[in-house]
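See below for the structure under consideration.
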Amino acid sequence: MTTTYGIHASVFVGGWSPEETRSAVRRAADAGYDLLEVTASDLSEIDPNLLGEELRSAGMQASASLGLGFDRDVNNEDPQVVQRGVDFLVDAVGLVEGLGSDYLCGCLYSTLGKYSAPATPKARANAVAALREVARAASERGIRLGVEVVNRYETNLFNTVRDALGFIDEVGEDNVYLHLDTYHANIEEGDLRRPVLDAGDRLAYVHIGESHRGYLGSGTIDFPAFFRALVETGYEGPITFESFSSAVVDPALSNNLAVWRNLWDDGDDLARHALRFMKDGMQAARACYGKV
């Protein structure tokens, strides 16, 4: 079995200037990764032609991820705010298509930020309808959407795999899948095995992140249990490393994610360590099931 290993661009760069674009692709490829996850929260920063050319030249795949802001939150009662969110998401689908990718993931259904109250029934219904509309536009372009399950401080709509699956059922489009992140699951789930089993074949994208978002293996997450669950369920999608530090700053993203401290300052070393950690973890998990 060949696994696609990816890395979030924030490990290398904090923006998408031409220099940063070339640097992110080159450094991800040099570290041995197959896929670069593109931060798409501000589409105006990205030159899709340059990025696509760099990815093709390096022989790399791509995905794109984002979180909505409060000014374009589809999890909202105001139809104008919701429409801005829908328009932005459709534009992000266009970016993904332009990069030759087929996957847009992240907090596509809500602002990535702390709400002051639970989601209202009307706001939830608007989020469902909005994602359904975006999913249909994405389906026409052969693109899948990944609904990332994030913690209580980053959305008020749902925070566990089971609740996310219920939301996906409401959307009702067959190109909408689950995106699971170990950092968030470590906060909200009872363990790291059950959510993978609950997701089953609806899991299409995985983020690997440590409990403090630093070096893998230096925090509290039970990665062996998580990797074994991936093997147990036959997961075949990308496994993508995600980490943030104030050393590499996208101000908007850093503020949303409360990245106030410097957990690392050498993205290249971090990237190489993470790839070894993930490959070793998956190899050990496969050995448990005789799938090496």
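Where a number appears in this text, it was derived from the coordinates with a stated rule and is not lab data. Every value quoted in this text rests on a predicted model; they were computed, and no experiment measured them. A quick note on method: Cβ atoms are made from the backbone with ideal geometry, for glycine too, and the neighbour counts reach across all protein chains shown.
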**OP:** Could you tell me what percent of the DSSP beta bridges with both partners in the chain are antiparallel, to the nearest 5?
**Re:** 5 percent
**OP:** Report the Stokes-Einstein translational diffusion coefficient (µm² s⁻¹, integer) for the chain, Rh taken as the Kirkwood radius over Cα pairs, at 4 °C with viscosity 1.567 mPa s.
**Re:** 68 µm²/s
Subject >> the range 1-88 - Debye-derived log10 I(q)/I(0), Cα point model, q = 0.11 Å⁻¹ >> reply: -0.37
Original post:
Under a straight-distance cross-link criterion of Cα-Cα below 29 Å, which lysines are reachable from LYS279, leaving out those fewer than 8 residues away in the same chain?
Top reply: LYS291
Original post:
Tell me, what is the percent relative contact order of the range 5-288, built from C-alpha pairs under 8 Å that lie six or more residues apart?
Top reply: 18 percent
Original post:
Counting pairs of alpha carbon atoms under 8 Å apart in space and at least six apart in sequence, what relative contact order in percent does the range 1-93 give?
Top reply: 24 percent
**OP:** Stick to Cα atoms and the Kirkwood definition of Rh, then tell me Rg/Rh for the range 68-113.
**Re:** 1.02
**OP:** Express the C-alpha Rg of the range 150-205 as a ratio against the empirical globular expectation 2.2 N^0.38 Å, rounded to two decimals.
**Re:** 1.05
Original post:
For the range 10-154, what is the relative contact order in percent, using Cα pairs closer than 8 Å and at least 6 residues apart in sequence?
Top reply: 22 percent
**OP:** Identify the residues of the range 250-281 with backbone N under 18 Å of a label point that sits 7 angstrom from the Cα of ASP30 along the Cα-to-Cβ direction, or state none.
**Re:** 265-276
Original post:
Using θ = phi - 60° and the Karplus curve 6.51 cos²θ - 1.76 cosθ + 1.60, what whole-Hz ³J(HN,Hα) does each residue of the range 169-181 get, with Gly and Pro shown as x?
Top reply: 4, 5, 4, x, 10, 7, 9, 10, 10, 9, 10, 10, 10
Subject >> Alpha carbon Rg of the range 126-284, scaled by the compact-globule rule 2.2 N^0.38 Å >> reply: 1.07
